[in-house]
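Structure record follows, encoded as structure tokens.
None of the figures in this text is laboratory data; all of them are computed from the coordinates on show. The shown structure was predicted, so the numbers you read here are calculated from the model rather than taken from an experiment. Here the Cβ is made from the backbone with ideal geometry for all residues, glycine too, and neighbour counts use every protein chain on show.
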Amino acid sequence: MHMADALLSPLVGGAFWAVSGSLIRYSAKKITEENDPLKTPLMGVLGAFVFAAQMINFSIPGTGSSGHLGGGLLLAVLLGPHRAFITLASILIIQALFFADGGLLALGCNIFNLAFLPAFIAYPFIFRLISGTSLSAKRVAAGSMTAAAAGVLMGSLSVVLQTVLSEVTELPFSSFLFFMLPIHFAIGIIEGVMTWAILSFVLKTEPDLLTGQPTYSKPRLILAVFTAAALIAGGGISLLASSHPDGLEWSMAKVKGKKEILGSRSMMHDLLASLQDHTAFLPDYSFKSTGKNVEKPSTVNFGSTVSGVIGTLSILLAAGSAGMMLGRKRPQPKRF
């Protein structure tokens, strides 16, 4: 559900850049007030895992559409909302800059939709309300399913509102919403199942991660498992990802008959598109086209494997470094 620049006006895109930037600053400030040293490497490892998992699109049966794990709720449960938000923002920034996944003008919207809504709304007001502090497997399952579906639905509604407010496309509100909500509800249910499965493993291995208590007994095991899973998913399993359009592209195609909607362009659109063209060395998780004809193109996208490994390591470094720098800072004592 990564938005493209073509759906947004500079005004709406710029406004959400400001909102997301403020949220990053707020989250960074809150992290400096925490004292949980294990969360620093976890930010890098779990961020790398979510990046790799996002590369694996799964088909939605009977629709011709696909979806992928958003990861916002999962990160919020394991890291807390502030670290989850910074981690997912790091993922979205790297995806936009290195892989042209989501536009640069749309980056603020994507951070708001995919990071803020699950981490700051779905997690505290739905997951925590349902799961409580008892660590009951049934309550964790119910919380995961409900909060994941709600987070994805809120994100899809936000995409519709941001698109309609921009007034650069001819996507009508009612019909766009009619297709967006059902398909993303289905995606949300699958994300809920995946989140529940991962949390079930954590619940058996390191239950303190779900309570937020920094008294971990098997930190090395958790770090090793998620690091290995990230490299395997990004470097290998991503080759098996569904080729069907994602829920946003599918909805646009249902409304207008094509998955790519060309809106009115401005100088800002062209400037950011040119910048992204220079920074994205593996656009769409593939090697850049050289313009030469290839007689027998390979059916295997090796660029996806390279992208998965490079992206996984980049997120591991970026999110881990962010956690390390913020963790070292301490709030200054108040002066009276």
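Worth pointing out:
- Using the Karplus relation 6.51 cos²θ - 1.76 cosθ + 1.60 with θ = phi - 60°, the per-residue 3J(HN,Hα) values for segment 269-285 come to 4, 5, 5, 6, 5, 5, 4, 5, 5, 7, 8, 7, 7, 9, x, 6, 6 Hz, with x marking Gly and Pro.
- Extended-chain gain in nm, criterion 0.36 nm per residue less alpha-carbon gap, T279 and E170: 36.2 nm
- Proximity of backbone amide H atoms, modeled 1.01 Å from N, is registered between D246 and S66 at under 5 Å, excluding neighbours fewer than 5 places apart on the same chain.
- GNM flexibility winner over the chain from A229, A48, A319 (Cα, springs under 10 Å): A229
- The string of couplings for segment 170-183 from the Karplus curve (6.51, -1.76, 1.60, θ = phi - 60°) is 9, 7, x, 4, 5, 6, 5, 5, 4, 8, 5, 5, x, 5 Hz, one whole number per residue in order, with x for Gly and Pro.
- Each of (i) 20.3; (ii) 20.9; (iii) 21.9 is a candidate for Kirkwood radius over Cα pairs in Å; the one calculated from this structure is (i).
- Rounded to the nearest Hz, the phi-derived 3J(HN,Hα) couplings of segment 77-94 under the Karplus curve 6.51 cos²θ - 1.76 cosθ + 1.60 (θ = phi - 60°) are 5, 8, 10, x, x, 6, 5, 4, 5, 4, 5, 5, 4, 4, 4, 5, 5, 5, where x marks glycine and proline.
- Compactness of segment 69-165 is given as radius of gyration and Dmax, 13.9, 43 Å, from Cα positions.
- Segment R220-L38, length gained on full extension (0.36 nm per residue, minus Cα span): 64.5 nm
- With R₀ fixed at 25 Å, the C-beta to C-beta distance from T211 to L317 puts the FRET efficiency at about 0.30.
- Between T205, T305, T146, the residue with the greatest mean-square fluctuation in the GNM of the chain (Cα pairs under 10 Å linked by springs) is T205.
- Long-range amide H partners of A100 with built H, under 5 Å: D284
- Choice from A233, A137, A89 showing the highest fluctuation, given a GNM over the chain with Cα pairs closer than 10 Å: A137
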